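Take a look at the structure below.
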């Protein structure tokens, strides 16, 4: 299901990818959590919300997702959105 969700995401079919990513994230998939963070950060298929993006990236980071870790480090150095855990 992750491959399908990523393919939809890459095809800019965010409305179709969103429920798949949410289901995967609910089951602990760190990659899906990272993508949800990207969607919220950019406002792709959802209302733009940097706080939700950071929440998803923190969860993904806890699952060992390096892309999420990178985004958190980037946000930390450039934005006041980042909140310490």
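Derivation of every value follows stated rules applied to the coordinates shown; laboratory data play no part. Just so you know, these numbers come straight off a predicted model, no measurement behind them. Cβ placement follows ideal geometry from the backbone for every residue including glycine, while neighbour counts extend to all protein chains displayed.
Selection of the stretch 41-62 for residues being surrounded by fewer than 16 Cβ atoms within 10 Å (Cβ to Cβ) and farther than 20 Å from residue 12 by Cβ yields 51, 62. The set of residues in the stretch 36-48 being in contact (Cβ under 8 Å) with a residue 12 or more places away in the chain and either over 9 Å from the mean Cα position of the chain (by Cα) or more than 13 Å from residue 72 (Cα to Cα) (or both) consists of 36, 39, 40, 44, 45, 46.
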